[in-house]
1. Considering only the range 1-80, give the strands (runs of 3 or more DSSP E) lying wholly within it that have at least 2 residues that are in contact with a helix residue (DSSP H, G or I) (Cβ under 7 Å, 6 or more places away or on another chain).
2. Which residues, taken from the range 91-119, are crowded, with 16+ Cβ neighbours inside 10 Å and either modelled with pLDDT of 90 or more or in contact with an Asp or Glu (Cβ under 9 Å, 6 or more places away or on another chain) (or both)?
3. For the structure I just gave you, tell me whether Gly52 is in contact with a Gly (Cβ under 8 Å, 6 or more places away or on another chain), loosely packed, with under 13 Cβ neighbours inside 10 Å, more than 17 Å from Ser91 (Cβ to Cβ) and of a type outside the set (A, V, I, L, M, F, W, C).
4. Does at least one position in the range 14-29 carry a residue that is surrounded by fewer than 16 Cβ atoms within 10 Å (Cβ to Cβ), of a type outside the set (S, T, N, Q) and at pLDDT below 85?
5. For the range 7-54, which residues satisfy the criterion of being farther than 19 Å from Glu79 by Cα and small (Gly, Ala, Ser)?
Amino acid sequence: MVANTGSFKEVIGDQMEISFIGDHLYLEFLKGEISLETAKSGVKRRKEIMKGKEVKIIISLPKLTKINKEVRDYLSSDEATEGIIAGALISNTALSNVIINFFLGVNPNMKVPTKIFSNQSKAIAWLNSI
């Protein structure tokens with residue numbers, strides 16, 4: 001587990017914002033489509049920030065409209081999930097819920113516990129229970 005990092009906040013291009021909520025790493029994808037380049041950049045930066053420490057992660061997808069197979073495969077790979085204890089996905093639109101549920105459905109053997117939430121407080125409560 002990682003200690004609270006206070007006011008750390010970083011934006012990667014115009015695609016993603018990384019910060020902490022308590023001890024949980026928070027990623028927000030700012031665009032409707034997640035590109036493979038963005039996914040790989042996010043994973044790389046998470047690993048740099050965490051320096052080998054395991055973390056519970058919150059991923060917010062407020063504008064998600066598309067995620068292609070190549071990106072889905074990468075995000076469920078050993079490389080991408082290494083160091084993640086659990087993942088809470090926050091979705092507040094019907095379309096992003098469908099996309100996320102599809103992602104989880106086609107990846108039934110997810111390497112880390114993963115759940116979808118409609119709000120941040122429920123996501124944090126679930127991560128804290130793990």
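1. On the way: elements: 9-12, 16-21, 24-29, 55-60.
Output list reads 16-21, 24-29, 55-60.
2. Phe117
3. Working: in contact with a Gly (Cβ under 8 Å, 6 or more places away or on another chain): yes; loosely packed, with under 13 Cβ neighbours inside 10 Å: yes; more than 17 Å from Ser91 (Cβ to Cβ): yes; of a type outside the set (A, V, I, L, M, F, W, C): yes.
Against the criterion (in contact with a Gly (Cβ under 8 Å, 6 or more places away or on another chain), loosely packed, with under 13 Cβ neighbours inside 10 Å, more than 17 Å from Ser91 (Cβ to Cβ) and of a type outside the set (A, V, I, L, M, F, W, C)), Gly52 qualifies.
4. Among the residues of the range 14-29, at least one is surrounded by fewer than 16 Cβ atoms within 10 Å (Cβ to Cβ), of a type outside the set (S, T, N, Q) and at pLDDT below 85, which makes the answer yes.
5. Within the range 7-54, Ser7, Gly13, Ser19, Gly22, Gly32 meet the criteria.
The values are calculated or read from the model by the stated rules, or taken from the named source; none is laboratory data. Note that the coordinates shown come from a computational prediction; the quantities given were computed from them, not determined experimentally. As a convention, Cβ positions derive from the backbone with ideal geometry for all residues, glycine included, and neighbour counts pool all protein chains shown.
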